[in-house]
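Accompanying notes for the structure given below.
The values are calculated or read from the model by the stated rules, or taken from the named source; none is laboratory data. What you see is a predicted model, and the numbers here were worked out from it, not measured in a lab. FYI the Cβ positions are ideal-geometry reconstructions off the backbone, even for glycines, and counts take in every protein chain you see. All accessible areas refer to the heavy atoms of the entire protein, side chains included, with ligands and DNA or RNA removed. Shrake-Rupley method; radii C 1.70, N 1.55, O 1.52, S 1.80 Å.
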Amino acid sequence: MKRTSLLLCLIALLVGQTTFGSITQMTNQPDSVYLFSYSTTRNSNTNGLHFAWSTNQENWTSIGPEMRFLFCDYGRWGVEKRMITPFLFRAPDGMWHCVWSLNEHTGTFAHAASKDLIYWLPQTYPVVMKDNNCLEPEFSFNSTDKQYKITWLSTVDGAKKAFCVTTPDFKNYIPAKEIPLTDRRNQRKKVTISGNTEIGTVHKVAWELVESLLNKQKLNAYRDQQWSETTKTDSIRFVSLKNLDATITIDNSKSKKISDLLVGVFFEDINYAADGGLYAELIQNRDFEYASSDKEGRDKSWNSAKAWRLKGNGATFSIDSVSPIHANNAHYAVLKTTEIGAGLVNEGFDGIAIKLGEKYDYSVFVRNQDRKSKKLLVRLIGKTGENYGETTVLANAGEWKKYEGVMIAKQTATDAQLEIVPQTAGTINLDMISLFPQKTFKDRKNGLRADLAQTIADIQPRFIRFPGGCVAHGDGLGNIYRWKNTVGPLESRKPQKNLWGYHQTAGLGYFEYFQFCEDIGAAPLPVIAAGVPCQNSATGGAGQQGGIPMCDMYNYVQDVLDLIEWANSDMKTKWGKIRAEAGHPQPFNLKYIGIGNEDLINDIFEERFTMIYKAVKEKHPEITVIGTVGPSFEGTDYVEGWEIATRLRVPMVDEHYYQSPGWFINNQDYYDKYDRSKPKVYLGEYASWGSTIYNALSEALYLTSLERNGDVVSMTSYAPLLAKEGHTQWNPDLIYFNNTEVKPTVNYFVQQLYGQNSGDTYLASEVRISDKNESVRKRVAVSVVRDSKSNDLILKMVNMLPVAVNTQVKLEVTDPILPSAMRTVLAGTPDDKKARPVIDNMEVSNNFSCKLPAYSFTVVRFKTKLKL
Ligand code: AHR
């Protein structure tokens, strides 16, 4: 789909653009030239595959320079995605094959194939050496036995040795064998490009091939230039622009049904969104399960004792794991005191914020190791010892027992800490030490922080996606998010490393996610791993994205089916009963399941995805499965993902793209050309790169095109949703917060305006602007929807120009419009991060005028006389 549109784009370019004088018809080009393929060592070898061309093998011209035609997708994000010593080979069938080395230590090479050197099929990373590396791979083809042969060098006991494998298809390899070093062909050549010596392979090719690479490079350069448009150049771009006039004609006769689920939210435990964020627990590391592996040993203070300290004299505090409360919760604290006054203190997440007079539920699991019953003082204290509230617990059990009660805060504070001080000397075991505000969202036990949850609810999202993002498919096989580990009593849930480099208690688990969805009237949209972990996993090493072994896939599929039973079945079923016992007798009414999260689309993915998809489809045809098509709006994963989804008739696919405002401005027609017979789209992750009003308006502008394409785009969600100040791994985010404040971005208000003003019918409209310039025209966008629940008509108008647009709105509709409409305007200077919507009532009729301020988003909500 995309390749065709690129081609059309290029043709349009060639026809319409005079600025690219170099794309001219050559009359005396050579029949054939030399093509050189290579990679450089820049950015730790992560710049990918480059080309240069020459007519004489002496003077080389780079195509780019540093234009990357193929990018290595092996290993974790950043510096591990290396392409070292690529070797390009053309097989007799005309197919190009590239093999390269990935690093200095892994016994794996990478392979990718292409027909045209522009579109590359999925990469594979065969593990060919167990304990040695795989350097400088070379390639040949034996036309007699039709086998491809890959040879490489390996460091064995400090010496270089040569090895080879053969394969008929790049899926099946005969085991590696050693070959004489002299069998290596050493076909790489050195050439000089712009004064630099580069090593790679030389090929004699038809001029047309080089021409197509040059055109691709020019097209990319043109796109980059368009997509990097910013307001900084607005003063030049729109130098002569005066206030504009526009007419917007809304035509009732051309209306279509659109999705009523268009705006939802994407929740992922990234940036401390869950623990220390939306999940209202105030104690950090309540279960003593933090582990140095959460941060791969980088932080010496990050261990089972994190956030805890001893206070007073004559006490020791250690961590033990003998006879824990539950095997999933293996560690607990052992507190030995010899003097009264010593105890254990928790610092919370950047302190504990409390409010005067409010009630806090505390609970703690205690085991009296010495079997002597103990009175425990549980206190909220200030940094300098102020008493913010206290209570006592009589812990008399010799085995694990939960004690709980309520504390009232005597003061409002942000720096509180919780301390547990035994009033009898001795040894005591403590675990699951918890403190919750009673005022959670909807007063739920084990609930959500009320202010944050309300901010999310105020978007009026039609669905909530959870638990990610990359958290859903995890860092390596062992880190895949397993829903069953996140339900049931808190002490039996299985905490784990959070892929974003911290810890996940699973206190906010599937039950709580579903409950939140129900509480705000949003459809639950769980996303489960497609049997493969994140392709950017730090763990897993060679054979990256090796999926769950097929022998374990049956159980994995069963887990998915059990999830549907847990969510939707009555109490007579095994999993329905478990849900009911957890406090929700009625089904949760699950309708959507995402399978996979922007995975690397290869055979390993396809085999597992297909298995899960078919099982769900067969057993639960009522569930809409959402597939995945990679992390970009184009490229191999996108194309292959769409191909699989189309072939399997997957109802919907999840697209992701984080792009510049210029991309959103220049791609408003992205879905206009989508094939309506193919799967529907869930735009599950998108955002422009910033939190200014300029960014927010580019998203608002793009959202008009999503409403226009609401027949093919069924759902959308900005990502990520939440970020705790001081703990962000990803920027920008929609809502920032700390322990006491919630700080929505301007982008949030765009989401909110769309969420609160969604509709289910789209009405065609025509916009005529007094200035016909394309760059002006595309910065004014309009969409009109009708909401069948309220019978309101809603007009959204975005003006991304530095001047106001005096607009005449003509409503050629049959709806009996009332004379007063609610208008909301979000406007500001382009780099404004503080702009907020301003609401007023305006007089309207079927033909009225409305001024769109410079850099603004205006929503007019028309009431009608139609009865509900
Ligand atoms: O939204 C942040 C991350 O972006 C998600 O976890 C992942 O799916 C994407 O790469």
Exercise for the section: Return yes when Lys161 is under 20 Å from Ala110 (Cα atoms) and not in a strand (DSSP E or B) and no when it is not. Expected result: no
Handout entry: Given (1) outside any helix (DSSP H, G or I); (2) open to solvent by 10 Å² or more (accessible area, probe 1.4 Å); (3) more than 16 Å from the ligand (Cβ to nearest atom); (4) small (Gly, Ala, Ser), index of the condition Gly507 fails
Key = (2)
Fill in the blank from the handout: Filtering segment 468-498 for residues that are within 18 Å of the chain's Cα centre (by Cα) and open to solvent by less than 30 Å² (accessible area, probe 1.4 Å) leaves a count of 13
Practice task
Could you tell me which of the residues Tyr502, Tyr481 is more than 28 Å from Ala615 (Cα to Cα), at pLDDT 95 or above and within 16 Å of the ligand (Cβ to nearest atom)?
Solution key: Tyr502
Exercise for the section: Might you let me know whether segment 372-391 holds any residue that is open to solvent by 10 Å² or more (accessible area, probe 1.4 Å), basic (Lys, Arg) and touching a residue at least 60 places away in the same chain (Cβ under 8 Å)? Expected result: no
Exercise for the section: Determine, yes or no, whether Ala764 is open to solvent by less than 10 Å² (accessible area, probe 1.4 Å), of a type in the set (Gly, Ala, Ser) and in contact (Cβ under 8 Å) with a residue 24 or more places away in the chain. Expected result: no
Practice task
Would you point out which residue out of Ile270, Ile179, Ile250 is touching a residue at least 60 places away in the same chain (Cβ under 8 Å), over 30 Å from Tyr481 (Cβ atoms), open to solvent by less than 40 Å² (accessible area, probe 1.4 Å) and aliphatic (A, V, I, L, M)?
Solution key: Ile250
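One line per residue, one yes/no per condition, for (1) touching a residue at least 60 places away in the same chain (Cβ under 8 Å); (2) surrounded by fewer than 20 Cβ atoms within 10 Å (Cβ to Cβ):
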| position | (1), (2) |
| --- | --- |
| Thr41 | no, yes |
| Ser44 | no, yes |
| Trp77 | yes, yes |
| Thr85 | yes, no |
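Given the options Leu418, Leu377, Leu430, Leu435, name the one that is over 38 Å from the mean Cα position of the chain (by Cα) and either on the phi < 0 side of the Ramachandran plot or not in a strand (DSSP E or B) (or both). Before you say what the answer is, go through the steps one by one.
On the way: Leu418 fails: over 38 Å from the mean Cα position of the chain (by Cα); Leu430 fails: over 38 Å from the mean Cα position of the chain (by Cα); Leu435 fails: over 38 Å from the mean Cα position of the chain (by Cα).
From the options Leu418, Leu377, Leu430, Leu435, the qualifying one is Leu377.
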Exercise for the section: Count, please, the residues in segment 92-110 that happen to be under 28 Å from the mean Cα position of the chain (by Cα), open to solvent by 10 Å² or more (accessible area, probe 1.4 Å) and within 26 Å of Asp145 (Cβ to Cβ). Expected result: 0
Practice task
With the condition kept exactly as written, say whether any residue in segment 47-70 is farther than 30 Å from Thr539 by Cβ, open to solvent by 50 Å² or more (accessible area, probe 1.4 Å) and modelled with pLDDT under 95.
Solution key: yes
Completion exercise
With criteria (1) of a type outside the set (Val, Ile, Thr); (2) within 19 Å of the chain's Cα centre (by Cα); (3) open to solvent by less than 10 Å² (accessible area, probe 1.4 Å); (4) farther than 30 Å from Phe609 by Cα, Ser691 comes up short on (3)
Exercise for the section: Evaluate segment 119-137: report whether one residue or more is part of a strand (DSSP E or B), over 27 Å from Glu640 (Cβ atoms), over 39 Å from the mean Cα position of the chain (by Cα) and of a type outside the set (A, V, I, L, M). Expected result: no
Fill in the blank from the handout: Taking segment 460-492 and keeping residues aliphatic (A, V, I, L, M) and farther than 19 Å from Pro526 by Cβ leaves Leu477, Leu490
Problem - Ser323 vs. criteria open to solvent by 60 Å² or more (accessible area, probe 1.4 Å) and among the polar types (S, T, N, Q) - result: yes
Practice task
State which residue pairs qualify: first residue in a loop (DSSP other than H, G, I, E, B) and inside segment 343-365, second residue of a type in the set (Val, Ile, Thr) in any location, beta carbons under 8 Å apart, and separation of 6 or more residues or different chains.
Solution key: Lys355/Thr412; Leu356/Thr412; Gly357/Ile408; Glu358/Ile408
Handout entry: Pick from segment 258-267, criterion open to solvent by less than 10 Å² (accessible area, probe 1.4 Å) and out of contact with any helix residue (DSSP H, G or I) (no Cβ under 7 Å at 6 or more places or on another chain), ranking: farthest from the ligand (Cβ to nearest atom)
Key = Gly264
Exercise for the section: Kindly check whether there is at least one residue in segment 144-157 that is open to solvent by 40 Å² or more (accessible area, probe 1.4 Å) and among the β-branched types (Val, Ile, Thr). Expected result: yes
Problem - So Ala523, is it within 16 Å of the ligand (Cβ to nearest atom) and closer than 27 Å to Ser714 by Cβ - result: no
Exercise for the section: Mind telling me which of the residues Ile578, Ile528, Ile548 ends up being touching a residue at least 60 places away in the same chain (Cβ under 8 Å) and within 26 Å of Arg82 (Cα to Cα)? Expected result: Ile548
Practice task
Run down Pro661, Pro621, Pro651 and say which single residue is closer than 30 Å to Asn799 by Cα and away from the ligand (no atom under 16 Å from the Cβ).
Solution key: Pro661
Problem - Flag if Lys789 is open to solvent by 50 Å² or more (accessible area, probe 1.4 Å) and either in a loop (DSSP other than H, G, I, E, B) or over 23 Å from Gly710 (Cβ atoms) (or both) - result: yes
Practice task
Could you tell me which of the residues Gly684, Gly594 is closer than 30 Å to Ser492 by Cα, within 16 Å of the ligand (Cβ to nearest atom) and in contact with a Lys or Arg (Cβ under 8 Å, 6 or more places away or on another chain)?
Solution key: Gly594
Practice task
Look at Ala538 and say whether it is at pLDDT below 95 and more than 25 Å from Tyr173 (Cβ to Cβ).
Solution key: yes
Exercise for the section: Return a yes/no flag: does segment 628-644 have any residue that is within 23 Å of Leu590 (Cβ to Cβ) and more than 16 Å from the ligand (Cβ to nearest atom). Expected result: no
Exercise for the section: Report yes if some residue within segment 449-467 is open to solvent by 10 Å² or more (accessible area, probe 1.4 Å), under 20 Å from the mean Cα position of the chain (by Cα), within 27 Å of Gly596 (Cα to Cα) and within 16 Å of the ligand (Cβ to nearest atom); otherwise report no. Expected result: no
